[in-house]
Amino acid sequence: MATVHLRIGDLVWGKLGRYPPWPGKIVSPPKDLKKPRGKKCHFVKFFGTEDHAWIKVEQLKPYHAHKEEMIKINKGKRFQQAVDAVEDFLKKAKGKEQNSDSKGDSKGKKTPYKPLKILEEDDEDLSALKDPSEKDLTDSDPEPSTMERLGAGPGSGFKWESSSLKDDPHFHHFLLSQSEKPASSLEPISKRLKIIEEDTGSTSIQAADSTAINGSITPTDKRIGFLGLGLMGSGIVSNLLKMGHIVTVWNRTAEKCDLFIQEGARLGRTPAEVASMCDITFSCVSDPKAARDLVLGPSGVLQGIRPGKCYIEMSTVDPETITELSQVITSRGGRFLEAPVAGSQQLSNDGMLVILAAGDRTVYEDCSSCFQAMGKTSFFLGEAGNAARMMLILNMVQGSFMATIAEGLTLAQATGQSQQTFLDILCQGQMASTFVDQKCQNILQGNFKPDYYLKHIQKDLRLAISMGDMANHPTPMAAAANEVYKRAKALDQSDNDISAVYRAYIH
């Protein structure tokens, strides 16, 4: 295989971990940012985003020589926007080159072209930060300039390095997010980094950024159906489409489908039609009754199930409902998996959910690209029903915890203590978390816009308590919290966020 020469200013396709290539440009790293030890790498800025990453040399391809190949295997909207950004960059670069050439020098000789390093207006020129001792990372002869390779054909025998990150445990990818504002100040770079590492044997899918890295995975060629476009379902479908999956959607309120149709989704008229048209159909609805009706009701999923068709129940329901749905789906020759998700609307939008799966393992494996698109990690828990049990336990703990935090805030107020000071102290201790900080700040601001519906967490508490009763296991804390949420519902807080349980204590 011919040696590929790359340097600062070159346009490339960069492959990060398990995720397929994304267009970028090799740039100088900030002086605060140390190069990872181990294999040789370049610092790449990805187009269409404000993300940067250290990418190993063997995971880079010249942009122009492989453009057609990459466009064929990546169809997502975000990907196309990134390619468009590259083309805009090239137009600006060509314009500046022509202006430079028209001037010439005093002797009429053409000035040798240097690799382009043209940044957008809001980019920081980091050229002064480049280590002057840094040499070409391929340790070979000087490479041709970017413009000299514009007309180059496909690289001979160029293949991506097949080894995964787990084979190189000392290699970390460092991402610099500048999405909030340009990095115009030289604050310590370590404050703005995300570190990604995959451990050997882990099923974890560590998504660095849903718009750039998680946004370029290789989608399955299977046809995907999705039923239910609520708080969680909407984010999931959006990410499936961004990753290039072929998705057919259905929702009880049909107008919710319009946005996704504009994004490239297809429309199914009934759940039965979606199941019959698609290889894998996902469902994400509000409760056990809605889940049963979707499968067993008129024009339901069951009518569209044929041998080999896959059905994945993502709703948080009780184990008994899962068992029933599994039996009816498999009785028609279908394949069944449950896959409830832990997270919120924001995490769903960001593609950072945690997926708990159980049932048919082969379906779980067939859905690998889907789970990578929607979540940061997934767990396979064995036989159908186990994921429902685990999900209810997790939500029982979360619901009880949220009620306790609300109780603490209101007790602080009732005893003359500052609620903000209570939160500040809490966030400096062992219970500090993004969840606590965000929920408490929203409470203090009176912002109860739903990230996870209060009525749904109360439903989960009720189901968890029932599960405890069946196992002859006491759940007094959950029972107490459930009563507080029931009072909040009586105060018309059902469609607010779970943090609105706070209002049960002040009325």
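So if R0 is 25 Å, what FRET efficiency would MET431 and LEU411 give, r being the distance between their Cβ atoms, rounded to the nearest 0.05?
Here the calculated transfer efficiency is 0.95.
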**Complete:** Distance in Å, no decimals, from the C-alpha centre of region 390-466 to the one of region 232-283 is 33
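Report the gain in length on full extension from LYS91 to ASP293: 0.36 nm times residue separation, minus Cα-Cα distance, nm rounded to one decimal.
Working: separation 202, 0.36 × 202 = 72.72 nm, distance 5.46 nm.
Value of the extension gain: 67.3 nm.
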**Message:** Along the charge dipole of region 261-374, pointing to its positive end and built from +1/-1 on Cβ of Lys, Arg, Asp and Glu, which listed residue (SER283, VAL363, SER299) has its Cα farthest out?
**Reply:** SER299
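Compute, for region 204-384, the length of the dipole vector about the Cα centre, with Cβ point charges of +1 (Lys, Arg) and -1 (Asp, Glu) only. Units Debye, rounded to 20.
The dipole of region 204-384 has a size of about 400 debye.
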**Prompt:** Going down the list LYS15/LYS439; LYS35/LYS439; LYS15/LYS92, which pairs span over 30 Å between their C-alpha atoms?
**Reply:** LYS15/LYS439; LYS35/LYS439
**Request:** Go through VAL86, SER28, GLN59 and say which Cα lies farthest out towards the positive end of the charge dipole of region 10-91; charges sit on Cβ, +1 for Lys and Arg, -1 for Asp and Glu.
**Result:** GLN59
**Asked** Tell me, in nm to one decimal, what length is gained between GLN420 and GLN438 on full extension, where the rule is 0.36 nm per residue of separation less the Cα-Cα distance?
**Response** 5.2 nm
**Request:** Please turn the phi angles of region 398-414 into ³J(HN,Hα) values with the Karplus equation 6.51 cos²θ - 1.76 cosθ + 1.60 (θ = phi - 60°), one per residue in order, whole Hz, x for glycine and proline.
**Result:** 5, x, 5, 5, 4, 5, 5, 4, 4, 5, x, 4, 6, 5, 4, 5, 5
**Fill in**
In region 230-321, the GluC sites (Glu not before Pro) that sit in a DSSP loop and have at most 16 other Cβ atoms within 10 Å of their own Cβ are GLU263
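Rule-based calculations on the coordinates, nothing more; no lab input. Small disclaimer: the values here were computed from a predicted structure and weren't measured. Cβ coordinates were reconstructed from backbone atoms using ideal geometry, including for glycine residues, and neighbour counts include every protein chain displayed.
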